[in-house]
Every structure is written in C-alpha cells, then in structure tokens.
Amino acid sequence: MRLPSLSITRPLLAWLREDRQWQTLDWRVRAMLAWKAGLGSLNAKLSRAQQASATSRQPLAPLLILGPWRSGTTVMHELLSAATGWPTPLTWQCMDPTAFQLGSAPRRDVVTARPMDGLALGSLSPQEDEFALLALGVPSAYRAFWMPHRLTSLLPTLEQQYWLDEPQWLDTWEGFLRAVHRGAAPGHGLLLKSPNHTFRLQAILGRHPQARVVWMLRDPQAVFFSNRKMWRTMFAEHGLTPADEAALDHFLARALQASAEALEWALAHLSADQLVCCTQEALRDAPLAEAQRVLAALHLPADEAALEAAIASTRSGRVEHYPQAPPDCAQAAIARLREIQADAAARFAA
C-alpha cells in the first residue's frame, strides 16, 4: 500500500501546492503529481457521468467500524466482511477511486505485509475508505502522510463540528460508496472501516440515522505508541517534507481526546441495536466468540466457515507491547479515553 500508487485529483494537488515547500520538491515529483491529478480529475468526471446513468438507489445502510487508529479495526473489518458477505471498499477501489468504475477488478490479488504490524494486505482485501476520500480531495488527516510538517494544520479534522460545518464532503463520500455498493444483493448494507469516521460520527448519523457502529477498544497507552510508530512509518515511506516529532505527539494526544469525546457521545445517543463495543484483547484471545457476539448483537448474518477462514488469515499480524511512559502532553487524553472505554466495556459486559 504505497501512496505513490494512489490516484489523486486537483483539490489534493491544490492543497499540496499552496505550501511554500512545494517549490523545493524535485521538479519530476511535482510534474508527476500534476499529471496524476489531471488524469484523476478527468476519470472522476467520467465516473460521475457513468454513475448518474445508474438507476439503482437502494439504501446504503452503513455499518461503521470505529475507534482510534491501531485499535483493532482492521481485523474486525476482515472478520465481519467474511462473515456477512456485505459489500465493502477494497484496496484497489480505495487506491483508485477516480477510475475503478471505468475498468474491472484485478485478475489476481497482490498481497503484501503492512509495515506497522505484518498483517497481510492485498489488492482485493477490505480497505478503509479514507484513502478514497484523500484521493478525491476531502480534507483528510492522511494528507499529512505526504506533507508531515503540516500535521498541526490538520487538527480541525479531528473535530465533530468541522465535519458538521462542511457537509459537502458527504456527497463525495456517498458517490464513492454507491459505486462500491452497486449490484449488492437486496438487504445487504455496506461495511465500512475508517478510524477517521470516529471524528465524523455526528455528521454521518445526521445523513444516515440508522447506521450501526462497532466500536473497538484498546488500552489507550498502547494505542498512542502504536500510532506513533504507524505515523512515523508512513512519514518515512511517503513524506515529501520533514516530520516534527513534538507536533506528532500533540496531534495523537488530541486524537485520543477526540476519540474519548466521540465514544462518550455514542454511548449517550445510540441505541443498543445501533452500537456494540469490542476490546482488541478479547478479539485476539477469542476471535470466533467475539465476532459471533458482535454479529448477534447487531442482528447480522454469519457465514461460519468464511468467518473461521478469516480468523486464520488474520493471525499473521503482530501485537506489540509498549511499557514506556507516554509523554506529558498525552497523559490526560490517555486517562480520559481509558475512563470512557471502561464505561463502555462495563456496559457491554453486562
């Protein structure tokens, strides 16, 4: 999953160009990105025209897998995708959201290991739709993967109000989702995993009030350090500009605090039929039982054989432990998220 393979559009290019460090980049990099943005925008226009001619408008009925980055959302995504058979964005679609409707799926699955944990990831694997939003120009926090020095400017993307105040992103998002959902069997909803949607939950529910949520819980201290590793890895592999370590720690602290606020809101506003919580530890130790519990709580179909096969394939990932103390800037956020997660775990254990 290398970002140079990500198709982009002119809004993302405009964001890159507005920074003065753009002019310091190798001219070949700038030329390549400009060419990709022109082609991506043309393909996006063609895709929209094709989509406008489609007659199917069955409800999306999204099921969202939420929680902070590095909290177990990917494994849950793999298991629920296999068990339900519901449509979900795949890697090849998310990496080329401007043109995947114009062609066909890859003939073979190209599998690699994620650098942060070794989990197998293929072109036909379930993928987070955040990469599609990034490519299509939505102001994703993942923009910082390319320009790490601008991470602080992306702090607003962690706020619910930001997405409530800028609702036009929903049209871009739904256009991509409807293309993924086209041809789905009647009654099949859409399975979505994106930790970034944690910060958009109120806006999403405003548009899709019947959406259901699986919330992943993991020890916040481990989440902080695992995220520090993940973001550093992405900066090193894809960054065009230098990273600021102190800015990253403050960004992650705010992300944990915002996750706590979002979970607290969800616990107060979502019904028992809409929300279920699962700890990463329980999913690791008893994946079949936990997946079955989640499926039953949300009244979802279950293909037991497919679920067990998915459990076997996801055991390749590493779970690392972080005994060191977090930085001062993150301690309050870690404590707050731990408190809210304890409330959630107690409710769903009852």
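The values are calculated or read from the model by the stated rules, or taken from the named source; none is laboratory data. Predicted, not measured: the structure shown is a model, and the values here were computed from it. Note that we place each Cβ from the backbone using ideal geometry, even for glycine, and neighbour counts take in every protein chain shown. Calculation scope for accessible area: heavy atoms of the full protein, side chains included, ligands and nucleic acids excluded. Shrake-Rupley method; radii C 1.70, N 1.55, O 1.52, S 1.80 Å.
Quick one: in segment 61-94, which of the residues that are within 15 Å of the chain's Cα centre (by Cα) and polar (S, T, N, Q) is surrounded by the most Cβ atoms within 10 Å (Cβ to Cβ)?
Ser71
Return the residues of segment 193-217 that are assigned to a helix (DSSP H, G or I) and surrounded by fewer than 17 Cβ atoms within 10 Å (Cβ to Cβ); say none if nothing qualifies.
Narrowing segment 193-217 to residues assigned to a helix (DSSP H, G or I): 195-207.
Listed by number, the residues that qualify are Gln202, Gly206, Arg207.
Quick check on segment 128-150: of everything there that is outside any loop (DSSP other than H, G, I, E, B) and of a type in the set (A, V, I, L, M, F, W, C), which residue is nearest to the chain's Cα centre (by Cα)?
Taking segment 128-150 first, the residues outside any loop (DSSP other than H, G, I, E, B) are 130-135, 141-145, 148-150.
From the residues that got through so far, the ones that are of a type in the set (A, V, I, L, M, F, W, C) too are 131-135, 141, 144-145.
Details: Phe131: 8, Ala132: 10, Leu133: 10, Leu134: 11, Ala135: 13, Ala141: 11, Ala144: 15, Phe145: 14 Å.
Of everything passing the filter in segment 128-150, Phe131 is nearest to the chain's Cα centre (by Cα).
For Ala268, only one of the following conditions fails: (1) open to solvent by 20 Å² or more (accessible area, probe 1.4 Å); (2) under 30 Å from Phe145 (Cβ atoms); (3) at pLDDT 95 or above. What is its number?
Evaluating Ala268 over (1) open to solvent by 20 Å² or more (accessible area, probe 1.4 Å); (2) under 30 Å from Phe145 (Cβ atoms); (3) at pLDDT 95 or above leaves (2) as the failure.
Do we find a residue being assigned to a helix (DSSP H, G or I), open to solvent by 70 Å² or more (accessible area, probe 1.4 Å) and at pLDDT 95 or above anywhere in segment 45-54?
No: zero hits.
Name the residue that is farthest from Leu80 (Cα to Cα), counting only residues in segment 180-192 that are open to solvent by less than 10 Å² (accessible area, probe 1.4 Å) and not in a loop (DSSP other than H, G, I, E, B).
Among them, the one singled out is His181.
Among the numbered criteria (1) in contact with a Lys or Arg (Cβ under 9 Å, 6 or more places away or on another chain); (2) surrounded by fewer than 20 Cβ atoms within 10 Å (Cβ to Cβ), which one does Leu256 miss?
(2)
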